[in-house]
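**Student:** Starting off with a structure, shown below.
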Ligand SMILES: NC(=O)c1ccc[n+]([C@@H]2O[C@H](COP(=O)([O-])OP(=O)(O)OC[C@H]3O[C@@H](n4cnc5c(N)ncnc54)[C@H](OP(=O)(O)O)[C@@H]3O)[C@@H](O)[C@H]2O)c1
């Protein structure tokens, strides 16, 4: 049985399991994941999630144009609201009305209003600024920008806790240094293949910011294998990355360990990480994930996998 004891999410006062369920593929985004997910399959996955021992769900305003939040809201309505002690986190996204990106403070307020309505939640426990790499740091921090709007929504009691979620390490480091965020999501940058987020996690530990690590499978490659999911981090990648993933798969097979179990535990065993977000779109994945988290993995396999990690030149950063 995996150790799912809840732990403090930094200084938020929230308690979360070391596993969090992610919902980007569950909204249905075939252009990113290579397959569509219908409502029935997504709802069955969400029912299994809310009935299970994991108490942490991650979504965003813009996963599949809001479809992930709508699907979550529908299942929450069906089961009579959020189960006791459950934490649902969402994110603020820009709009693209008429093709023009709008990531202003005004848009941030609309994003939060949309999320509350779709999820059926009066107040939101944790809201992240999502992928701020879409604008400059200065635009994000401007008086009429999204961060100022988030702070006001926090002061008004609409959002209990603020986080920042995104890709580029140096930019996220700037946001952490503002002292305005209690939780960080990094994705695809602390995996068996790519370790570029480690220094950022160390910065968070010093600053008292909780770290949530998303995409431990690199978006699927390290669960399904590189021949089924040839992309890493939702984009084309070097053949060397796939070769290394294949070698990892073979090393795991020799020890009777599914690659997905090793990829998941690589994140779970990192003490700087409070919770790991796993993207799943099938109800049976919840039990599989718990089994993978509990599987004993010999020390020698970790050594072999470490030796197969990608060189820094191939990390996303
Ligand atoms: N900027 C951000 O804030 C950001 C960015 C990235 C991710 N995230 C969050 O982190 C979550 C996780 O990232 P992700 O979903 O992109 O990538 P991921 O967790 O690395 O991989 C998800 C993929 O792994 C597959 N998978 C999971 N368990 C499996 C198993 N036991 N066997 C075979 N395949 C398995 C899923 O397949 P099935 O569909 O078949 O289950 C899906 O294709 C997201 O859903 C999102 O909530 C946030």
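The values are calculated or read from the model by the stated rules, or taken from the named source; none is laboratory data. Since this is a predicted model, take the numbers as computed values, not measurements. Positions of Cβ are generated from backbone atoms using ideal geometry, with glycine treated the same way; all protein chains shown enter the neighbour counts.
**Student:** Answer with yes or no whether residue 73 is more than 15 Å from the ligand (Cβ to nearest atom), loosely packed, with under 13 Cβ neighbours inside 10 Å and over 28 Å from residue 142 (Cα atoms).
**Tutor:** no
**Student:** Could you tell me how many of the residues in the stretch 131-151 are surrounded by 14 or more Cβ atoms within 10 Å (Cβ to Cβ), over 18 Å from the mean Cα position of the chain (by Cα) and assigned to a helix (DSSP H, G or I)?
**Tutor:** The number of residues fulfilling the criteria is 10.
**Student:** Moving on to the next point. Anything in the stretch 202-225 that is more than 8 Å from the ligand (Cβ to nearest atom), closer than 16 Å to residue 317 by Cβ and crowded, with 23+ Cβ neighbours inside 10 Å? List them, or say none.
**Tutor:** Answer for the stretch 202-225, where residues must be more than 8 Å from the ligand (Cβ to nearest atom), closer than 16 Å to residue 317 by Cβ and crowded, with 23+ Cβ neighbours inside 10 Å: just 213.
To keep it simple, each residue is scored yes or no on (1) modelled with pLDDT of 95 or more; (2) buried (at least 19 other Cβ atoms within 10 Å of the Cβ); (3) in a helix (DSSP H, G or I).
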position: 227; (1), (2), (3): yes, no, no
position: 245; (1), (2), (3): yes, yes, yes
position: 266; (1), (2), (3): yes, yes, yes
position: 276; (1), (2), (3): yes, yes, no
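**Student:** What number goes with the only condition from (1) near the ligand (Cβ under 9 Å from one of its atoms); (2) within 20 Å of residue 229 (Cβ to Cβ) that residue 309 does not pass?
**Tutor:** (1)
**Student:** Something else about it: If you go through the stretch 102-110 one residue at a time, do you hit one that is touching a residue at least 24 places away in the same chain (Cβ under 8 Å) and either within 16 Å of the ligand (Cβ to nearest atom) or closer than 22 Å to residue 268 by Cβ (or both)? Can you show your working first?
**Tutor:** Within the stretch 102-110, the first condition is being touching a residue at least 24 places away in the same chain (Cβ under 8 Å), and the residues that meet it are 103-109.
Narrowing the set further to residues that are either within 16 Å of the ligand (Cβ to nearest atom) or closer than 22 Å to residue 268 by Cβ (or both) leaves 103, 108.
The answer is yes, given that some residue of the stretch 102-110 is touching a residue at least 24 places away in the same chain (Cβ under 8 Å) and either within 16 Å of the ligand (Cβ to nearest atom) or closer than 22 Å to residue 268 by Cβ (or both).
**Student:** While we're looking at this one, here's another question. Scan the stretch 259-277 for residues that are touching a strand residue (DSSP E or B) at 6+ places or on another chain (Cβ under 6 Å) and within 9 Å of the ligand (Cβ to nearest atom) and jot them down.
**Tutor:** The answer is 276, 277.
**Student:** Are there any pairs with C-beta distances below 7 angstrom linking a residue in the stretch 175-200 that is in contact (Cβ under 8 Å) with a residue 24 or more places away in the chain and on the phi > 0 side of the Ramachandran plot to a residue that is assigned to a loop (DSSP other than H, G, I, E, B) and within 13 Å of the ligand (Cβ to nearest atom), with the two at least 6 apart or on different chains, and if so which?
**Tutor:** 188/194; 188/215; 188/218; 188/219; 188/233; 188/316
**Student:** Listed residues 128, 190; which is touching a strand residue (DSSP E or B) at 6+ places or on another chain (Cβ under 6 Å), within 16 Å of the ligand (Cβ to nearest atom), within 20 Å of residue 219 (Cβ to Cβ) and assigned to a loop (DSSP other than H, G, I, E, B)? Give the derivation first.
**Tutor:** On the way: 128 fails: assigned to a loop (DSSP other than H, G, I, E, B).
Of 128, 190, the one residue that is touching a strand residue (DSSP E or B) at 6+ places or on another chain (Cβ under 6 Å), within 16 Å of the ligand (Cβ to nearest atom), within 20 Å of residue 219 (Cβ to Cβ) and assigned to a loop (DSSP other than H, G, I, E, B) is 190.
**Student:** Which condition number in (1) free of Cβ contacts under 8 Å to residues at least 12 places away in the same chain; (2) within 12 Å of the ligand (Cβ to nearest atom) is the one that residue 63 fails?
**Tutor:** Single failed check for residue 63: (1).
**Student:** Shifting gears a bit: How many of the residues in the stretch 18-56 are assigned to a loop (DSSP other than H, G, I, E, B), buried (at least 22 other Cβ atoms within 10 Å of the Cβ) and away from the ligand (no atom under 12 Å from the Cβ)?
**Tutor:** Residues flagged as assigned to a loop (DSSP other than H, G, I, E, B), buried (at least 22 other Cβ atoms within 10 Å of the Cβ) and away from the ligand (no atom under 12 Å from the Cβ) within the stretch 18-56 amount to 2.
**Student:** Right, here's the next one. Could you give me the residue pairs with C-beta distances under 6 Å whose first residue belongs to the stretch 242-261 and is under 10 Å from residue 301 (Cβ atoms), whose second residue is assigned to a helix (DSSP H, G or I) and more than 15 Å from the ligand (Cβ to nearest atom) wherever it lies, and which are 6+ apart or on separate chains?
**Tutor:** Taking only residues 6 or more apart or on different chains, the pairs are 248/305; 248/308; 251/304; 255/301.
**Student:** Taking residue 234 and the conditions (1) on the phi > 0 side of the Ramachandran plot; (2) touching a strand residue (DSSP E or B) at 6+ places or on another chain (Cβ under 8 Å), which numbered condition does it fall short on, given that it satisfies the others?
**Tutor:** Here residue 234 meets the rest and fails (2).
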